[in-house]
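Report on one structure; see the data block that follows.
The values are calculated or read from the model by the stated rules, or taken from the named source; none is laboratory data. Not measured: the values here are computed from a predicted model. Positions of Cβ are backbone-derived with ideal geometry, glycine not excepted, and every protein chain shown enters the neighbour counts. Quick note on the areas: whole protein, heavy atoms, side chains included, nothing else; ligands and nucleic acids left out. Shrake-Rupley method; radii C 1.70, N 1.55, O 1.52, S 1.80 Å.
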Amino acid sequence: MHPSMLRSLLPPAVAVAETRQDLLDELAPDEAHWVAHAVARRRSEFHTGRACARVALAELGIAPAAIPVGPQREPCWPTGVVGSITHCDGYRAAAAAPSDVVRSLGVDVERHRPLPDGVLDTVTDPGERATLTRLAAEDADIRWDVVLFSAKEAVFKTWFPVQRRWLGFEDATVDLDRAGTFTATVHGPTVAGGATYRGRWSASDDFVACAVVEPAS
């Protein structure tokens, strides 16, 4: 395990396990059937993500447990725990916290390289694109489109376990700043009154990481 980007974005109550290597963790039966016929890359992501999840649970003093897949393909954490798993090319991680301290959390890591053609218009609105243009003029070394994409992914991962409804990229508006924080407003016809999340981001030469933590009330 190689602690790095996400640890700096999360409070001490959240346990984090990160790696840049594939780990061949033994899967429980109710985990293994989800990737029994998957391609090698997907199996590797799944195995390593679950290995990271169990390391994070151990940091919380919780015995190794299965993290099966729910009906919407979400990870199902043991009772009393909330968590999030992320993976991209060359990086896998999991974060977990006691549910009496943290209501929900979302982490996301992406490669620090341009989004594929056409993706930006799909995941942003005109106001967000104007902000990205301004930020790029102030600091051209950061792929701000990737930061915004990752921030929305972290927000969605925080939202879903509580609300149990999927969001589209158009359902959240993200306001980034150069100081390493962002604010996201979730809106739309299914979100009465809206919801606001605050998160943190960081970027290295290789990766962009975002994290959102919603404290327990």
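Does ARG113 meet the test of being in a strand (DSSP E or B), open to solvent by 80 Å² or more (accessible area, probe 1.4 Å) and more than 13 Å from ASP175 (Cα to Cα)? Working first, answer last.
Details: in a strand (DSSP E or B): no; open to solvent by 80 Å² or more (accessible area, probe 1.4 Å): yes; more than 13 Å from ASP175 (Cα to Cα): yes.
Considered against the rule, which asks whether it is in a strand (DSSP E or B), open to solvent by 80 Å² or more (accessible area, probe 1.4 Å) and more than 13 Å from ASP175 (Cα to Cα), ARG113 comes out as no.
Which numbered condition trips up SER4, out of (1) modelled with pLDDT of 85 or more; (2) over 21 Å from GLU74 (Cα atoms); (3) among the hydroxyl-bearing types (Ser, Thr, Tyr)?
(1)
Matching residues to (1) touching a strand residue (DSSP E or B) at 6+ places or on another chain (Cβ under 6 Å); (2) of a type outside the set (D, E, K, R); (3) closer than 30 Å to ALA136 by Cβ; (4) modelled with pLDDT under 95:
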| site | (1), (2), (3), (4) |
| --- | --- |
| GLU26 | no, no, no, yes |
| VAL35 | no, yes, no, yes |
| ALA93 | yes, yes, yes, no |
| LEU105 | yes, yes, yes, no |
| ASP108 | yes, no, yes, no |
| LEU115 | no, yes, yes, yes |
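When both residues are 6+ apart or on different chains and their Cβ atoms are under 9 Å apart, which pairs have a first residue that lies in region 105-134 and is over 25 Å from MET5 (Cα atoms), and a second that is loosely packed, with under 12 Cβ neighbours inside 10 Å and of a type in the set (D, E, K, R)?
Close Cβ pairs satisfying both conditions: ARG129/ASP121.
If we keep just the residues of region 59-84 that are open to solvent by 60 Å² or more (accessible area, probe 1.4 Å) and touching a residue at least 40 places away in the same chain (Cβ under 8 Å), which is farthest from ALA36 (Cα to Cα)? Full working, then the answer.
Let us first name the residues in region 59-84 that are open to solvent by 60 Å² or more (accessible area, probe 1.4 Å), namely 59, 61, 63-64, 71-73, 79.
Filter once more, keeping what is touching a residue at least 40 places away in the same chain (Cβ under 8 Å): 59, 72.
Working: GLU59: 29, GLN72: 18 Å.
Only one residue fits best here, namely GLU59.
Rundown of residues vs (1) assigned to a helix (DSSP H, G or I); (2) over 23 Å from GLY106 (Cβ atoms); (3) modelled with pLDDT of 85 or more; (4) open to solvent by 40 Å² or more (accessible area, probe 1.4 Å), yes/no style:
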residue	(1), (2), (3), (4)
GLU31	yes, no, no, no
ALA38	no, yes, no, no
ALA51	yes, no, yes, no
LEU57	yes, no, yes, no
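Would you check if VAL107 is closer than 18 Å to TRP159 by Cα and either more than 15 Å from the chain's Cα centre (by Cα) or charged (D, E, K, R) (or both)? I'd like the intermediate steps shown before the answer.
Numbers: closer than 18 Å to TRP159 by Cα: yes; either more than 15 Å from the chain's Cα centre (by Cα) or charged (D, E, K, R) (or both): no.
Here the answer is no, as VAL107 does not meet what is asked.
How many residues are part of a loop (DSSP other than H, G, I, E, B) and either buried (at least 16 other Cβ atoms within 10 Å of the Cβ) or in contact (Cβ under 8 Å) with a residue 60 or more places away in the chain (or both) if we restrict to region 85-104?
4
Do you know which of the residues in region 11-29 that are crowded, with 20+ Cβ neighbours inside 10 Å and of a type outside the set (Val, Ile, Thr) is farthest from ALA97 (Cα to Cα)? Give the derivation first.
So the first thing to find is which residues in region 11-29 are crowded, with 20+ Cβ neighbours inside 10 Å, and the list is 14-19, 27.
Subsequent filtering for residues that are of a type outside the set (Val, Ile, Thr) retains 15, 17-18, 27.
Values: ALA15: 6, ALA17: 12, GLU18: 15, LEU27: 21 Å.
Result: LEU27.
If a residue must be under 21 Å from CYS76 (Cβ atoms), within 21 Å of the chain's Cα centre (by Cα) and of a type outside the set (Phe, Trp, Tyr), how many such residues does region 26-43 contain?
Residues of region 26-43 under 21 Å from CYS76 (Cβ atoms): 26-38, 42-43.
From what's left, within 21 Å of the chain's Cα centre (by Cα): 31, 34-35, 42-43.
Checking the rest, the ones that are also of a type outside the set (Phe, Trp, Tyr) come to 31, 35, 42-43.
Counting residues in region 26-43 that are under 21 Å from CYS76 (Cβ atoms), within 21 Å of the chain's Cα centre (by Cα) and of a type outside the set (Phe, Trp, Tyr) gives 4.
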